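The next block holds one structure in the form of C-alpha cells; read it before the comments.
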Amino acid sequence: MKLEEAKEKYIQTWGTFATNWGINRTMAQVHALLLASGKALSTDEVMEELQISRGNANTNLRALMDWGIVKKELVKGDRKEYFLADKDVWFLFKQITKERRKREIEPIVAFLEELKEIDDNDSEEAKEFIKLMDDFGNVTNKINNIMDLAIKSDDHWLVGKITNLLK
C-alpha cells in the first residue's frame, strides 16, 4: 500500500470509528487529516482534501480547537489561518478524556444529584428511587475517578497499571 492510500484509508476509517464513540464523522476526519499531515493545513486545504464545504471545515476546526487538540498557526506573510494537530498521542488521550468527562460525566453527576431531591421522600417507592439514583451516582463517580486518574497520569503509570491488571 502506498503512503497516500494508507493516509486516505486512515482518515476514512477514523471517521467511521468515531461515529461509534459519539463523535461527528467529519470532525474525526478533519482531525485525522491534520494528524497525518506533515505540515499545518489551511481551511482551503482541509476542504479540498476532504471534499467538504467551508462552513463544515470551519465548524469542525473550531470544535477541535475547543477540545484543545488542534491549534491555529500563523504563517508569516500569509493571511490564511493554518491548523496543526497535536501529535502526542498520550496528550490526545488525556485531552479527549478530559473533554468527554466534562461533556458527559459531569452533567450526569449533577443530574443524578438533582433527581434525589424529592419532596415526598418518605414512601418506600421514593426511598427505592433515591437508592437507585445513589447507585447510579456511585458508578458514575467511579468512572469519573478513573478518568481523573488517567488525565493526571503519565503514559508509564497507565501501562504499569494495565500490566498489573493482566497478571
(request) Of the conditions (1) free of Cβ contacts under 8 Å to residues at least 12 places away in the same chain; (2) under 13 Å from the mean Cα position of the chain (by Cα), Glu8 clears all except one; give me its number. (result) (2)
(message) Looking at the stretch 91-98, can you tell me whether even one residue there is surrounded by fewer than 12 Cβ atoms within 10 Å (Cβ to Cβ) and not aromatic (Phe, Trp, Tyr)?
(response) no
(message) Filter the stretch 120-143 down to the residues that are among the basic types (Lys, Arg) and in contact with a helix residue (DSSP H, G or I) (Cβ under 6 Å, 6 or more places away or on another chain) and list them by number.
(response) none
(message) Suppose we filter the stretch 110-120 for residues that are free of Cβ contacts under 8 Å to residues at least 12 places away in the same chain and surrounded by 12 or more Cβ atoms within 10 Å (Cβ to Cβ); how many remain?
(response) 1
(request) Tell me which of these Pro107 doesn't satisfy, since it passes every other one: (1) more than 14 Å from the chain's Cα centre (by Cα); (2) surrounded by 13 or more Cβ atoms within 10 Å (Cβ to Cβ); (3) not acidic (Asp, Glu). (result) (2)
(request) May I ask you to list the residues in the stretch 50-83 that are open to solvent by 20 Å² or more (accessible area, probe 1.4 Å), in contact (Cβ under 8 Å) with a residue 24 or more places away in the chain and under 14 Å from Gln29 (Cα atoms)? (result) Leu50, Ile52, Asn56, Ala63
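The values are calculated or read from the model by the stated rules, or taken from the named source; none is laboratory data. Since the model is a prediction, treat every value here as computed from it, not as a measurement. In this analysis, Cβ positions are derived from the backbone assuming ideal geometry, glycine residues included, and neighbour counts consider all displayed protein chains. For the accessible areas, the whole protein counts, side chains as well, though only heavy atoms, and no ligand, DNA or RNA atoms are used. Shrake-Rupley method; radii C 1.70, N 1.55, O 1.52, S 1.80 Å.
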